[in-house]
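Peer 1: Sharing a structure with you now.
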Amino acid sequence: MPELPDVEGFRRVLAECAQGRTIRQVDVRDTGVLHGVGARRFADDLRGRRFTAPERHGKWLLAHTGGPTVAVHFGMTGRLVCARADEAPHPHDRVLFTLGGTRQLRYRDQRKLKGLWFADDPEAARMLDGQGPDALAVSRDGFGAVLTGRRGGLKAALTDQSLLAGLGNLLADEILWQARLHPSRATSSLTDEEGDALYGAMRDVLRTSVRAAHVPPRDDWLTGHRDAPGRAPCPRCGTRLSSGRIAGRTTVWCPHCQPAPG
């Protein structure tokens, strides 16, 4: 599932492909990815507009046009692709934006679990307003404020978009592994030093992942071993990794480096 680094990569695709270019034509090939707006109004309201600098907040991408803002959530399989206008569409290209200079920005999505909204639509506005601070931009004090008084475990807190926007399953597991904290550890039990370690791990993981435009499967990261057949060894200590359902998600951790709460 696209997480903050992936969406930051899509923001770059949008900026490099479309920023400053006029939308000549909008071809909605599958109305199932549009929410709160029909294909005709969507195309009519955007045609002739010019894409301006895009923004990202958490897992949301905001494509500004000087008129309507298109809010994009990529769900499980969505992505943005820059192509030539004369290239044949991919079977999963759902919306095509033909731009000046023969470029075409394409919203591609196999499973269509989320999609595109106009940001002023009440449904989109509620979802955007319900987001916590962006995980890449939040300060240490802001991070502490998010966790203060929070009930439940760390994995649930990190992946709650209303608390902190942008972290998904892979990022949360990697951050907790690097901080040496068990995913079910009570958020309220963190010491100041552990909070510093968690924030530092989040910053390091996000910065590295944003450069790669995804969570990289590095050999020295948990992510590089979590999908190995059988019970892979921890890349830090060699202990066999554990997995289970925590906070409703498949979770991987090292029982030695991340001791279970007593």
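Peer 1: I'm checking my understanding of the structure. Among residues of segment 85-117 that are open to solvent by less than 10 Å² (accessible area, probe 1.4 Å) and among the charged types (D, E, K, R), which one is nearest to the chain's Cα centre (by Cα)?
Peer 2: That would be Asp109.
Peer 1: Still on this structure: What are the residues in segment 37-74 that are part of a loop (DSSP other than H, G, I, E, B), surrounded by 15 or more Cβ atoms within 10 Å (Cβ to Cβ) and of a type in the set (Gly, Ala, Ser), if any?
Peer 2: Just the residues of segment 37-74 that are part of a loop (DSSP other than H, G, I, E, B), to begin with: 37-38, 47-49, 51-54, 58-59, 64-69, 74.
When the remaining residues are screened for being surrounded by 15 or more Cβ atoms within 10 Å (Cβ to Cβ), the result is 37, 49, 51-52, 54, 58-59, 64-65, 68-69, 74.
Residue satisfying the conditions is Gly58 alone.
Peer 1: Which residues, counting only those in segment 226-242, are modelled with pLDDT of 95 or more and open to solvent by 30 Å² or more (accessible area, probe 1.4 Å)?
Peer 2: Pro233, Pro235, Arg236, Cys237, Gly238, Thr239, Arg240
Peer 1: Please verify whether segment 157-172 includes one or more residues that are assigned to a helix (DSSP H, G or I), open to solvent by less than 60 Å² (accessible area, probe 1.4 Å), in contact (Cβ under 8 Å) with a residue 12 or more places away in the chain and under 30 Å from Ala85 (Cα atoms).
Peer 2: No, there is no match, as no residue in segment 157-172 is assigned to a helix (DSSP H, G or I), open to solvent by less than 60 Å² (accessible area, probe 1.4 Å), in contact (Cβ under 8 Å) with a residue 12 or more places away in the chain and under 30 Å from Ala85 (Cα atoms).
Peer 1: What are the pairs, 6+ residues apart or on separate chains, where a residue within segment 228-254 that is in contact (Cβ under 8 Å) with a residue 40 or more places away in the chain and within 18 Å of Met1 (Cα to Cα) has its Cβ under 8 Å from a residue that is acidic (Asp, Glu) and open to solvent by 30 Å² or more (accessible area, probe 1.4 Å)?
Peer 2: none
Peer 1: Please enumerate the residues belonging to segment 134-148 that are closer than 16 Å to Thr191 by Cβ and not hydroxyl-bearing (Ser, Thr, Tyr).
Peer 2: Arg140, Phe143, Gly144, Leu147, listed by residue number.
The values are calculated or read from the model by the stated rules, or taken from the named source; none is laboratory data. What you see is a predicted model, and the numbers here were worked out from it, not measured in a lab. Please note: Cβ atoms are built from the backbone with ideal geometry, for glycine as well, and neighbour counts cover all protein chains shown. To get the accessible areas, we keep the full protein, side chains included, count just its heavy atoms, and leave off ligands, DNA and RNA. Shrake-Rupley method; radii C 1.70, N 1.55, O 1.52, S 1.80 Å.
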